[in-house]
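As structure tokens, the structure follows; a few thoughts come after it.
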Amino acid sequence: MEERWLRPLAYLALALALLFQLGPVLFMVNASLMTQLGVATGALFPKAPQWGNYLELWRVVPFLHYLKNSLLVCGLTTFLALLVATFAAYALARFRFPGAELFGGSVLATQFIPGILFLIPLYLMYIAFQNWAREALGLEVRLVGSYTGLVLTYTAFFVPFSIWILRGFFASIPKELEEAALVDGATPFQAFFWVILPLALPGLAATAVYIFLAAWDELLFAQILTSEATATLPVGLRTFVGNYQNRYDLVMAGATVAVLPVLLFFFLVQRQLIQGLTAGAVKG
């Protein structure tokens, strides 16, 4: 008797949890189809869907330019951060050296420091480096107002936690597989590339999703370290909110469009991501 009622209650609880999670997304899509007055007055549903908001979105601001910048910055950040984190996590998982545990814990401890504390020192450091390169080396190096400074900043921020994620995946792969490859004549790098990396693919996919999403949503550093030519999507959406007019209908339309690349990226790596999350739940 209890089991007969337990299953429907479990499904009901799951449905409520799903509705709670999707609530902000549904509100975003709903508001994107309203008029500016409808959003401002708190109307629940649009009287007539304003599909023209999506057309006006591309006309009012260079939305495609912001989208291209975000894809470029997030793609480069994901590649560089994943590359560095992969080698660092493998070294921590496989090699024993003095201070290895302390270093591993220190990597994770950096995530407890709020990122906003680095904003002013990082900005001043970039400006100082630009001036030094110009005066001492005669080189014009741009770290503020360029893709380079933002990509380097994001990479430095996302590498520590990525190392911590991947370290567990590499540690869960039996070392005997590498030893067998070495016995068969493979070099250590070949054993790593052809044996370990394919087995760690779910973990790499999960880490790549984390890096991409974190970089895609970041606004504070993108607002300070980019110029009009290199501004990313969050900065572009911010332009709809001004001192004299707030176009929340276009903000919601832009946010809806901004979600689409993320969904596409998620579906591309969905299989590996689910495997990675499942493996992370049962392996230490």
Within segment 136-154, which residues are touching a residue at least 60 places away in the same chain (Cβ under 8 Å) and in a loop (DSSP other than H, G, I, E, B)? Leu143, Val144, Gly145, Ser146
Which number in (1) farther than 21 Å from Ile224 by Cα; (2) more than 19 Å from the chain's Cα centre (by Cα) marks the one condition that Ile165 misses? (2)
Sort out which residues of segment 173-194 are open to solvent by less than 40 Å² (accessible area, probe 1.4 Å), in a helix (DSSP H, G or I) and not aromatic (Phe, Trp, Tyr), and write them in order of number. Glu178, Ala181, Ala191
Looking for something open to solvent by 20 Å² or more (accessible area, probe 1.4 Å), touching a Phe, Trp or Tyr at 6+ places or on another chain (Cβ under 7 Å) and part of a helix (DSSP H, G or I) - is there at least one such residue anywhere in segment 217-225? yes
Evaluate the following for Glu101: is it of a type in the set (Asp, Glu), out of contact with any Lys or Arg (no Cβ under 6 Å at 6 or more places or on another chain) and open to solvent by 60 Å² or more (accessible area, probe 1.4 Å)? yes
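Residue-wise test of (1) outside any loop (DSSP other than H, G, I, E, B); (2) open to solvent by 100 Å² or more (accessible area, probe 1.4 Å); (3) closer than 30 Å to Asp249 by Cβ; (4) in contact with a strand residue (DSSP E or B) (Cβ under 7 Å, 6 or more places away or on another chain).
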residue	(1), (2), (3), (4)
Trp5	yes, yes, no, no
Leu9	yes, yes, no, no
Val25	yes, no, yes, no
Ala43	no, no, yes, no
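Residues checked against (1) among the aromatic types (Phe, Trp, Tyr); (2) in contact with a Cys (Cβ under 6 Å, 6 or more places away or on another chain); (3) closer than 26 Å to Leu264 by Cβ:
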residue: Phe189; (1), (2), (3): yes, no, no
residue: Phe193; (1), (2), (3): yes, no, no
residue: Ile196; (1), (2), (3): no, no, no
residue: Ala208; (1), (2), (3): no, no, yes
residue: Leu213; (1), (2), (3): no, no, yes
residue: Trp216; (1), (2), (3): yes, yes, yes
residue: Ala222; (1), (2), (3): no, no, yes
residue: Gly236; (1), (2), (3): no, no, yes
Candidate set from segment 236-256 (those that are open to solvent by less than 20 Å² (accessible area, probe 1.4 Å) and assigned to a helix (DSSP H, G or I)); member that is nearest to Gly42 (Cα to Cα): Asp249
With in a helix (DSSP H, G or I) and without any contact (Cβ under 8 Å) to a residue 60 or more places away in the chain as the only criterion, which of Ala48, Ala91, Ala85 stands out? Ala91
So Ala40 clears everything in (1) closer than 30 Å to Thr230 by Cβ; (2) of a type in the set (A, V, I, L, M); (3) over 20 Å from the mean Cα position of the chain (by Cα) except one condition, right? Which one? (1)
Just to be sure, is Val151 closer than 21 Å to Leu199 by Cβ and of a type in the set (Val, Ile, Thr)? no
Which pairs do you get when a residue that is over 15 Å from Leu83 (Cβ atoms) and open to solvent by 20 Å² or more (accessible area, probe 1.4 Å), found in segment 155-172, comes within reach of a residue that is outside any helix (DSSP H, G or I) and modelled with pLDDT of 85 or more, reach meaning Cβ atoms under 8 angstrom, with the pair 6+ apart or on two chains? Phe169/Ala200
Options Ala89, Ala109, Ala93; residue that is within 28 Å of Glu218 (Cα to Cα), out of contact with any strand residue (DSSP E or B) (no Cβ under 8 Å at 6 or more places or on another chain), buried (at least 16 other Cβ atoms within 10 Å of the Cβ) and of a type in the set (Gly, Ala, Ser): Ala89
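The values are calculated or read from the model by the stated rules, or taken from the named source; none is laboratory data. Only a predicted model underlies this, so the values are computations on that prediction, with no experimental measurement involved. Neighbour counts are summed over all protein chains in view; Cβ atoms, including those assigned to glycine, are modelled from backbone coordinates with ideal geometry. Note: areas computed on protein heavy atoms with side chains; ligands, DNA, RNA excluded. Shrake-Rupley method; radii C 1.70, N 1.55, O 1.52, S 1.80 Å.
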